[in-house]
Amino acid sequence: EINILWFQLYMFPVSQEVNCYSSFDSGNCDDLWLLGEVTMDDCCLNPHYGYIGADRKCKSCGPPSWSEWTAWGRCSVSCKEGVSQRRRECQGQGKCAQTTTHREIQKLALETKVCIDSSCCPEQGQWSKWGQWQPCSVTCNKGVRKRVRTCTEPQPRCGGSCDGPSEEKEPCVVDLICPTHGGWSNWDAWQPCSGTCGGENLPRPTQRRNRSCNNPPPSSVPPGDECPGLGSNTRTCDELPFCPSNGNWGLWGPPSSCSVTCGVGIHEMLRQCNNPAPKHGGLPCFGSNKDQKICNTKNHCPVDGQWSQWGRWEECKSNRGKISCRKIGGQQRRQRWCEHTGFDGETCEGKITDYRACYDINLCHFDGKWSEWSEWSQCDPPCGEGAKRTRERKCIPDLSAYDETVGFHIKVKAYFDGKPFANCTLLKDPKQSLACMNVPPCDT
């Protein structure tokens, strides 16, 4: 029996339970689109859905594809030369690349470039000597006085500063007694209204509150001022409502049909707060007027096709005979394929074959000239030690004798096909490389 159970688990593995979402938005599974818990196979009957499994990551049910690149990250150092990185990840069912080495996968998912946020690093300044003490802050009793210093000996450079405070304070005393002016206490709480429910044809109830001039009381010698204003306040209770009647829910209505015709969706039921409805400021019904349950059509949703990458351009040919190394135009083509179409999904829009005009210059000999220096490449490898960037000059053939367009009635742009030989003067060093600075270590 144990061997039979092992054989069943090995040959027919059980799909794991996942939280299924009706939308997958660039790696996010929003709770707004949560359908419920089903098996991964049932959730992925629809390739537009996403799910979260035991690893708590949001994953796509669709074919494998690379996400958009993230924005370039912060420079690895705050001043002088460092590097910035950006990343992308493979989303969907399967692999986005055929390579299996960790180094090659990192080159597809991680890019690194040189950055300089500031051409200089901060330098701290030094304080000047303390200035004279300023006069006391009061004219009687106790106060404070202060003195200041400036960050100028020398001044900081490149965003630096001086360590410590620019101001120093100490207590001071003026030998005179200050008068104490009266201050109001906080208002007491409003006394209860004379009624709890307002009537349509009755006088409005009133309520009152008080305060005292004891926070602090005014002094006698020297004499302080009394508190300004009144010690009591009265208002009418204008906000009293009719006596309230709270609402109560009615019965649930019948469930709706499943929200989808393929994959996993929801049934929805509604109820009304009318048994009775709230009146005169009564509380509304507690809870939601809507309830939903998951439904499973067991039908796989259509999978629309996606174009593969264009294949390589085929050999440049002409029905007029041999055109190699001749100034006679030909034609070449390339093809692509519509992949992943299934379950009555839409086929790819557009053409499967592409044509262009061409000249066959493969293995032909030309006079050549050196190109200008190329842009610096990105850092390789994109993480860890030994990262370098390179630039180069190439010996390019002189193709000025060829027309840029070909054709009799309609002229079209012509492309050069093949790898010609170009003869250039010798150049001491056509390739340069520099080490990338402050490159972060690779992820484990």
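If you wrap segment 72-190 in the convex hull of its Cα atoms and look at it from every side, the mean projected area works out to 19.8 nm².
Packing order of peptides 185-196, 351-362, highest average first: 351-362, 185-196 (average count of other Cβ atoms within 10 Å over each peptide's residues).
Highest mean packing first, where packing is the average number of other Cβ atoms within 10 Å per residue, the peptides 325-338, 25-38, 127-140 line up as 325-338, 25-38, 127-140.
First measure r as the distance between the Cβ atoms of ILE410 and THR390, then evaluate 1/(1 + (r/R0)^6) with R0 = 41 Å and state the FRET efficiency to the nearest 0.05.
Values: r = 42 Å, r/R0 = 1.03.
Efficiency for this residue pair is about 0.45.
Taking θ as phi - 60° and the Karplus parameters 6.51, -1.76 and 1.60, the scalar couplings of segment 225-242 work out to 7, 6, 5, x, x, 9, x, 9, 8, 10, 9, 7, 8, 6, 8, 5, x, 5 Hz in sequence order, x denoting glycine and proline. Enclosing the Cα atoms of segment 266-339 in their convex hull gives a volume equal to 245 cubic angstrom per residue.
In terms of overall dimensions, the C-alpha atoms belonging to segment 111-166 reach 69, 25, 11 Å along their principal axes, ordered largest to smallest.
Scale the Cα Rg of segment 245-296 by the rule-of-thumb value 2.2 N^0.38 Å and send over the ratio, two decimals.
Values: Rg = 14.6 Å, N = 52, 2.2 N^0.38 = 9.9 Å.
Taking the Cα Rg and dividing by 2.2 N^0.38 Å, one obtains 1.48.
In segment 146-197, the C-alpha radius of gyration followed by the widest Cα-Cα span (Dmax) gives 26.5, 75 angstrom. Pairs of Lys residues in segment 36-163, spaced 8 or more positions apart or belonging to different chains, with C-alpha separations under 18 angstrom: 5 in total. Using Cα positions and a limit of under 25 Å, work out the lysines in reach of LYS369, with same-chain residues fewer than 8 apart set aside. The reachable lysines, counting only those whose Cα sits under 25 Å from LYS369, are LYS327, LYS394, LYS413, LYS419, LYS428, LYS431.
Taking all protein chains as present, what is the carbon and sulfur share of the accessible area of segment 131-271, in % to the nearest whole number, probe 1.4 Å? Taking all protein chains in place, segment 131-271 shows 52 percent carbon and sulfur surface.
Hey, any idea what Rg/Rh is for segment 10-74, computing Rh the Kirkwood way over Cα pairs? Mind dumping the intermediate values first?
Working: Rg = 13.3 Å, Rh = 12.7 Å.
For segment 10-74, the value is 1.05.
Looking at the chain, what % of the alpha carbon pairs are farther apart than 31 Å?
76
Expressed in units of 2.2 N^0.38 Å, where N is the residue count, the Cα radius of gyration of segment 199-329 is 2.89. Largest first, the residues HIS409, HIS267 sort by 1.4 Å accessible area into HIS409, HIS267. Computed over every Cα-Cα pair of segment 262-414 and binned at 5 Å starting from 0, the pair-distance distribution P(r) comes out as 2, 6, 8, 7, 7, 8, 9, 8, 7, 6, 5, 5, 4, 4, 4, 3, 3, 2, 1, 0 percent.
Per residue of the chain, what 222 nm ellipticity follows from adding -39500 (n - 2.57) for every DSSP H run with n ≥ 4, rounded to the nearest 500?
Working: 3 runs with 22 residues, N = 444.
When only DSSP H runs of four or more count, the value is -1500 deg cm²/dmol.
The values are calculated or read from the model by the stated rules, or taken from the named source; none is laboratory data. This structure is a prediction, so every number in the text was calculated from the model and none was measured. Heads up, the Cβs are rebuilt from the backbone with ideal geometry, glycines too, and the neighbour counts pull from every protein chain shown. All accessible areas refer to the heavy atoms of the entire protein, side chains included, with ligands and DNA or RNA removed. Shrake-Rupley method; radii C 1.70, N 1.55, O 1.52, S 1.80 Å.
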